[in-house]
Amino acid sequence: MKATNQTGIRLAGRMDEVGFSDIVQIRNKVMAMRAEGHQVYSLHGGEPFFETPDDIKFAAVRALVENQTHYAPSSGLQPLREALVRKLAAKNGIHVTADEVIATVGGSQGLYAAFQIVLDPGDDALVFSPYWTPIGDLVTGAQGRPLLVPTITARRNGIRNTLEQFATPKTRAIYYNTPQNPSGLVFTRAEAIEVASFAIERDLIVIADEAYEDLVYEGDHVSIASLPGMADRTITCFTFSKTYAMTGWRAGYAVAREPFMTALRKMVLYSTNGVTTPVQFAMIQALKTPESKIAALREEYRVRRDLLVKGLNEVGLVCDPPAGAFYAFPNVEKIHKNSRTAAQILLEKAHIATIPGSVFGAQGEGHLRFGYAVPPKEIEDCVASLRKFLG
Ligand SMILES: Cc1ncc(COP(=O)(O)O)c(C=O)c1O
């Protein structure tokens, strides 16, 4: 009944609980304010501050000119998968063959496919919360139920105990995102080991999301699939969006063993039949980026992070420096207890666009997400505006 619209046309029932991102509505409001001639400080986004490097763009252009415009293997070109195998071994400690990686249309397709192949209707998935909003919809779209695990409580009371407390007999999977969007939290190696041992003991599948693997400022990035016993029960999803500023290219990949990989291949084959061929050539080029360049970009993000976090704390929006990703997630109850109202007030009164924490799950309430992947000047102006408004 629910899945009908004004025309009376009925949709598949599994769409009932699948939502549409609130973030789009905020983006629209920002555009409307700009159109009215207002200056808006755009800290609501999740895009790197720099453009896709030229060598990556030229690789795609070259591929087009050389007529690399035909079907590629739907799992990805062999040289791409081989380059990914080398990267995974060197950087993530994940040792796989070229048959155990698949190119995906952004990290999103890998995550979509992972939940589709793992969850049966009625299954539960543990999701550390606050969490990247689409995950809730990917779980419900697979007719599963997200079980939100408060990350801060888990850190305080022990990850294992907390997972135990929230798991049900129907729990099949754990979504494990580090560094996290929206909090910037980075799970430690010890915490990864706790999650892994819980997964092994309960025979759960881990869907790991390492979109921000290159943006860790404190501590180390640990790929959970690299831990003993985990390669066989983990599907790890990566993206080129953040590290290489390739959000619009829709380039990503997933790593898994059988039986997952054959199922992932089917999902990719029957949805997009692979990643656009010239984009795969750009991906090969991106993987040639020296680590020193990635490290230099990370330092640029760190400068932005420190600038923003200092400013937030100065105006009483309490915020520890996030260990990773490019978001700060301060408590904003000083503005309003309800984060949607707080975001609206900040946008209207201080012309600062942010994302209400409640969008990322109940555990995000009382917070706002500030994305700091913007020019330092924009952060300075935002802080000055905050000072005028709150100071
Ligand atoms: C936590 C997280 N995972 C995955 C993605 C997927 O990114 P894409 O589909 O652009 O590769 C994003 C993008 O914002 C993200 O924040």
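A compact table of results
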| read-out | value |
| --- | --- |
| Evaluation of G13 against (1) buried (at least 17 other Cβ atoms within 10 Å of the Cβ); (2) out of contact with any strand residue (DSSP E or B) (no Cβ under 9 Å at 6 or more places or on another chain); (3) among the small types (G, A, S) (one fails), failing number | (1) |
| For V279: the one exception among (1) buried (at least 16 other Cβ atoms within 10 Å of the Cβ); (2) more than 15 Å from G45 (Cα to Cα); (3) touching a Pro at 6+ places or on another chain (Cβ under 7 Å) | (3) |
| Subset of region 360-391 [surrounded by fewer than 20 Cβ atoms within 10 Å (Cβ to Cβ), of a type outside the set (G, A, S) and closer than 15 Å to D22 by Cα] | E365 |
| Criterion: within 27 Å of G219 (Cα to Cα), assigned to a helix (DSSP H, G or I) and more than 16 Å from the ligand (Cβ to nearest atom) - qualifying residue of T140, T162 | T162 |
| Tally, over region 297-338, of residues that are farther than 26 Å from A89 by Cβ, of a type in the set (A, V, I, L, M, F, W, C) and in a helix (DSSP H, G or I) | 5 |
| Test: residue in region 351-362 that is outside the structural domain of Q180 (by TED's automatic domain parsing), closer than 30 Å to D55 by Cα and in a helix (DSSP H, G or I) | no |
| Residue match in region 286-296 (condition: within 21 Å of the chain's Cα centre (by Cα), part of a helix (DSSP H, G or I), of a type in the set (S, T, Y) and more than 11 Å from A103 (Cα to Cα)) | no |
| Among the residues listed as R369, R340, the single one being within 23 Å of Q39 (Cβ to Cβ), of a type in the set (K, R) and free of Cβ contacts under 8 Å to residues at least 24 places away in the same chain | R340 |
| Residue in region 103-115 that is surrounded by fewer than 14 Cβ atoms within 10 Å (Cβ to Cβ) and in contact (Cβ under 8 Å) with a residue 24 or more places away in the chain present | no |
| Count of region 93-135 residues which are more than 16 Å from the ligand (Cβ to nearest atom), of a type in the set (A, V, I, L, M) and in a helix (DSSP H, G or I) | 3 |
| For T168: the one exception among (1) at negative phi; (2) within 16 Å of the ligand (Cβ to nearest atom); (3) not in a helix (DSSP H, G or I) | (2) |
| Qualifying residue in region 49-56 (condition: within 16 Å of the ligand (Cβ to nearest atom), closer than 30 Å to F20 by Cβ and in contact with a Pro (Cβ under 9 Å, 6 or more places away or on another chain)) | yes |
| From the options G141, G136, residue that is touching a strand residue (DSSP E or B) at 6+ places or on another chain (Cβ under 9 Å), crowded, with 17+ Cβ neighbours inside 10 Å and within 18 Å of Q109 (Cβ to Cβ) | G136 |
| Residue check for L308: crowded, with 18+ Cβ neighbours inside 10 Å and either closer than 30 Å to N67 by Cβ or away from the ligand (no atom under 16 Å from the Cβ) (or both) | yes |
| Hey, K266 within 26 Å of E66 (Cα to Cα), of a type in the set (D, E, K, R) and either away from the ligand (no atom under 16 Å from the Cβ) or without any contact (Cβ under 8 Å) to a residue 40 or more places away in the chain (or both) or not | no |
| Region 59-81: number of residues that are surrounded by 14 or more Cβ atoms within 10 Å (Cβ to Cβ) and of a type in the set (D, E, K, R) | 2 |
| Options E66, E100, E17, E51: the member that is among the acidic types (D, E) and either within 18 Å of the chain's Cα centre (by Cα) or under 30 Å from A350 (Cα atoms) (or both) | E51 |
| All positions within region 363-391 that are over 17 Å from the mean Cα position of the chain (by Cα), among the small types (G, A, S) and in a loop (DSSP other than H, G, I, E, B) | G366, G391 |
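The values are calculated or read from the model by the stated rules, or taken from the named source; none is laboratory data. Quick caveat: nothing in here was measured; it's all calculated off a predicted structure. We place every Cβ from the backbone using ideal geometry, glycine too, and count neighbours over all the protein chains shown.
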